[in-house]
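Computed from the coordinates by the stated procedures, all read-outs in this text should not be read as laboratory data. These numbers come from a predicted model, not from an experiment. Note: ideal-geometry Cβ built from the backbone for every residue, glycine included; neighbour counts use all protein chains shown.
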Amino acid sequence: MTVRVRFAPSPTGMLHIGNARTALITWLYARAKSGHFLLRIDDTDLERSKKEYEDAIEDGLKWLGMNWDEKARQRDRMDHYNVKIDQLKASGRLYPCYETPEELELKRKSQLARKLPPLYDREALKLTDEQKKAFEAQGRKPHWRFKMNHTPIKWDDEVRGPVHFEGSDMSDPVLIREDGSPLYHLCSVIDDIDYQMTHVVRGEDHVTNTAMHVQMFEALGAKPPSFAHLPLLSDAQGGKLSKRLGALNLKELRDQEGLEAMAVVSLLSRLGTSDPIEPFTDIKDVIANFDIAKFGRGTPKFDQEELTRLNAKILHITPYAAIKARLEEIGLSELDEKFWLTVRPNLEKLDDAKEWWRVANGPVEPVIEDAAFIAEAAKLLPETPWTRDTWGVWVDAVKVQTGRKGKQLFMPLRKALTGMEHGPELADLLLLIGPEKTRKRLGT
Ligand code: GLU
């Protein structure tokens, strides 16, 4: 059996880190099993769905290195949903209701006052044809509810284990609005059937929905797929993720924070699993290491600082070939492999490479506190051509000549050459700066 899964975002906002996690885990699930990955745009909410969000979702997925085998849009499938809706009406599983929102609210309050669960009382099932006609004559339009069977609903969730609901504990959900438009639940189940989904991976905020969906699959004559409900991310303290804590959507993480896609992929693929968080530079390794069974029920904490640390670790091990395109993107197309290998241990974010590019190529304001010492050192600069040993040869000579050692010896040279107190290894940096600029910075 080929695994067939989908990621089904609603294009009503930017791709949030939590949704990106669901997308990635679903995608890894497919790729690890050579399965099929469908991108389904859940745009039944015509007012809130926007093309710009759909585009941003696609951009975000592509940025993280995810591709899709097929794409569908719910908006394009309305005729098809209507066929299925007619079937459900004919079989009596969808029934018309005429209560206004105010009437429903009154019912709810009176149930709560009597300490009863606020379940829909199914009064509409008792309506005669005359009563329905009378409502219509008043200009009322029906909304339609799905009649739940009062039977147990069970499934073996790939993350949560055995799950059990009772149909009798659940209100009959509204599946069609007064204006005739179908709600997400119905469209989602119809799509999951038509696109032959074998597994549905989504957030645990959908667990109760799944209980309803299981009965909808059956009402439409289909066997429900397997389900995996992932716990939702919290902030580093275990609270609700909030915008106030920093960047939470992929666009911000990429454009404002300047993070690498592989940092996000590495973190999201391990957060909430029994495996340690590790830096990956190639998504193929992430696929090879993926197993949904490793995802637990505990709430995974998303900490942007952890993401930044992982970003640094990834840069420190990223080969030149894998970063070349990114360097071009940030305007460092001339930065070659030797340069990359020299500066990568000093990067937290890729943009930091711009600073080291400037240090190597100028402009640099040399910091010279002891001009006599620097003048002395300048005189001892080895002959060209320089090699990686040049730095060692040079400082040995300066050491012998001036009697300085350790920090007293290195720091004034570093400050004169770079204008800074820290940075990449001087043995390598010296070669990147080159003889001409070195002499100039030393004032000779
Ligand atoms: N559009 C729904 C959401 O974004 C999809 C949930 C599902 O995977 O079925 O929550």
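Angle of helix 261-270 to the longest C-alpha principal axis of the chain, folded into 0 to 90 degrees and rounded to 10: 60°. The modelled label-to-label distance for the pair residue 105/residue 91, using points 7 Å beyond Cα in the direction of Cβ, is 3.6 nm. Helix 352-361 and the long axis of the chain differ in direction by around 20°, with both axes built from C-alpha atoms. Mean residue ellipticity, 222 nm, helices only, the chain: the sum of -39500 (n - 2.57) across DSSP H runs of n ≥ 4, divided by residue count and rounded to 500, is -13500 deg cm²/dmol.
Taking a label point 7 Å from the Cα of residue 411 along the Cα→Cβ vector, which residues of segment 342-383 have an amide N closer than 16 Å to it? Inside the label zone: 367-371, 373-374.
What does the highest-first list of 79-90, 254-265 look like by mean Cβ count within 10 Å?
Averaged packing, sorted descending, gives the order 254-265, 79-90.
Counted over segment 309-377 with a bin width of 10 Å, the fraction of Cα pairs per bin, in whole percents, is 19, 45, 19, 15, 2. Placing a label point 7 Å from the Cα of residue 384 along the Cα-to-Cβ direction, the residues of segment 417-444 with a backbone N closer than 17 Å are 429-444. For residue 147, nonlocal amide neighbours, meaning residues 5 or more places apart or on other chains whose placed amide H falls under 5 Å from its own, are 94, 95.
Can you tell me the relative contact order of the chain? Whole percent, Cα pairs under 8 Å, sequence separation 6 or more. Here the relative contact order equals 13 percent. If R0 equals 30 Å, the separation of the Cβ atoms of residue 70 and residue 255 corresponds to a calculated FRET efficiency of about 0.55.
The antiparallel fraction among DSSP beta bridges confined to segment 159-303 stands at about 35%. Taking the chain as a Gaussian network of alpha-carbon nodes connected by springs under 10 Å, the highest mean-square fluctuation of the residues 108, 77, 160 belongs to 108. With 0.36 nm allotted per residue and the present C-alpha distance subtracted, the residue 328-residue 46 stretch has 97.6 nm of extension available.
Taking 32 Å as the limit for the C-alpha separation, the pairs 89/154; 324/407; 324/415; 33/354 exceed it in the case of 324/407; 33/354. Suppose we keep just the DSSP beta bridges with both residues in the chain; what percent of those would be antiparallel, to 5? Here the share of antiparallel DSSP bridges comes out near 55 percent.
With respect to the chain, whose longest principal axis is taken over its alpha-carbon atoms, helix 390-402 is tilted by about 50°.
Proximity of backbone amide H atoms, modeled 1.01 Å from N, is registered between residue 72 and 39, 40, 41 at under 5 Å, excluding neighbours fewer than 5 places apart on the same chain. Highest mean packing comes first when the peptides 118-129, 201-212 are listed by Cβ atoms within 10 Å, giving 201-212, 118-129. Footprinting exposure proxy ranking of 234, 274, 181, fewest other C-beta atoms within 10 angstrom first, gives 274, 181, 234. When +1 charges are put on Lys and Arg Cβ atoms and -1 charges on Asp and Glu Cβ atoms, the dipole computed for the chain relative to its Cα centre reaches about 540 debye. The listed peptides 15-21, 337-343, ordered by packing as a protection proxy, come out as 15-21, 337-343 (highest mean of other Cβ atoms within 10 Å first). Quick one: Debye curve from the C-alpha atoms of the chain, no solvent, what's log10 I(q)/I(0) at q = 0.06, 0.11, 0.14 Å⁻¹? Relative scattering, expressed as log10 I(q)/I(0), comes to -0.42, -0.93, -1.26.
Taken along the Cα-to-beta-carbon direction at a fixed 7 Å, the label points for residue 179 and residue 164 span 4.3 nm.
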